[in-house]
Amino acid sequence: MNRRYLLISPCRDEAAYMRRTLDTVLAQSIRPAKWVIVDDGSTDETPRILAEYAKQHDWIEIITRRDRGRRAVGPGVIEAFYAGYQTIRPDEYEYLCKLDLDLHLPPRYFEMLMKRMEDNPRIATCSGKAYIEENGRLINERHGDETSLGMTKFYRVTCFEAIGGFVREVNWDGIDCHRCRMKGWIACSWDEPDLRFVHLRKMSSSQQGIYAGRMRNGYGQYFMGTGFLFMAASAISRINQKPYVLGSLAMLWGWVKSAIQGKPRYADAEFRKFLRRYQWRALVVGKKRAIEEISRKKGMA
């Protein structure tokens, strides 16, 4: 079996976290064939640390971009990702992973993902589950089973190419999973010991503060095409997550504010129609059953 996989890691100012990611990748039971790390204009010790590891491992390649003066999220991250992607030949690899540098991975992480994909050829993209460290305990970040997590997007290269890759827009890591389902493929994640990783930076805790991160999440859902009722249900489902109530309100306000301002939405009308149909069904029967219905329908097509 071909288990050649490629990692591409966009990063900026990750000196506080990156050694844990670097070391846990080095400790993987199956090592990546190549790791392209794109330094997106770091101003801390990131360049020195990257040079240290690249000197010791010839399969690690560093690409340096000019300093844009700020940490770029969403589209900026994907621009940095493609700065790395354009330097490789995709057909030389079976799998591809967009990997953040603020993670602590279990030692069999990539081995287990490849095994799952070998067992089920309909899986296009997958991941484990993210946990955060809080007061000596690991807390689940509560991502749905119907998505592969953006910080470790693991793909079959053929499927990645077939959906057109990542869109260079907000909520790119939700749009890609729905595009996979439109083609009859599976996007998923599993919460199991060998696939649980530690996210060293809290999700939606942007450099401008956690509320700005949650508002950005709401805007991303609006851009993708999410309807108001589904957005409200999503916000309510997270009301017991810190920051309690206010975090959910910030998410909802991000959607509402975008609607009031008439911000543009994802231009693919067919995609938005597919998304709304799924979301309405999910509100009625739940996400799991709605996904199963799509999978059965696409599997018979």
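The values are calculated or read from the model by the stated rules, or taken from the named source; none is laboratory data. Because the structure is predicted, anything quoted here is derived from the model rather than measured. Glycine gets a Cβ as well: all are built from the backbone with ideal geometry, and neighbour counts include every protein chain shown. When the accessible area is computed, the model is the full protein with side chains, heavy atoms only, and any ligands, DNA or RNA have been set aside. Shrake-Rupley method; radii C 1.70, N 1.55, O 1.52, S 1.80 Å.
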Regarding the range 1-133, what are the three Cα extents along the principal axes, ordered largest first, in Å?
-> 44, 32, 29
Sorted by mean Cβ packing within 10 Å, highest first, what order do the peptides 130-138, 22-30, 224-232, 143-151 take?
-> 143-151, 224-232, 22-30, 130-138
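Return a whole-number percent for the relative contact order of the chain, with Cα pairs under 8 Å and 6 or more residues apart as the contact set.
16
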Accessible area expressed per residue, the range 30-89, with surrounding protein chains retained (probe 1.4 Å, Å²) = 51
Can you grab the distance from the C-alpha centre of the range 250-294 to the C-alpha centre of the range 35-107, Å, no decimals?
-> 31
Expressed as a whole percentage, what fraction of the accessible surface of the chain belongs to carbon and sulfur atoms when a 1.4 Å probe is rolled over the protein heavy atoms?
-> 52
With respect to the cross-link table entries 34/115; 183/273; 183/287; 153/297; 34/298; 129/288, which display a Cα-Cα separation exceeding 22 Å?
-> 153/297; 34/298
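Would you please put 74-85, 268-279 in order of how densely packed they are, using the mean number of other Cβ atoms within 10 angstrom per residue and starting with the highest? Walk me through the intermediate numbers first.
Working: 74-85: 19.3, 268-279: 15.5.
In decreasing order of mean packing, 74-85, 268-279 become 74-85, 268-279.
In Å², what does the accessible area per residue of the range 211-301 work out to with a 1.4 Å probe?
Numbers: 5280 Å² over 91 residues.
Solvent-accessible surface per residue comes out at 58 Å².
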For Cα extents along the principal axes in Å, several values are listed as (i) 65, 39, 38; (ii) 53, 45, 38; (iii) 91, 52, 32; flag the one computed from this structure.
-> (ii)
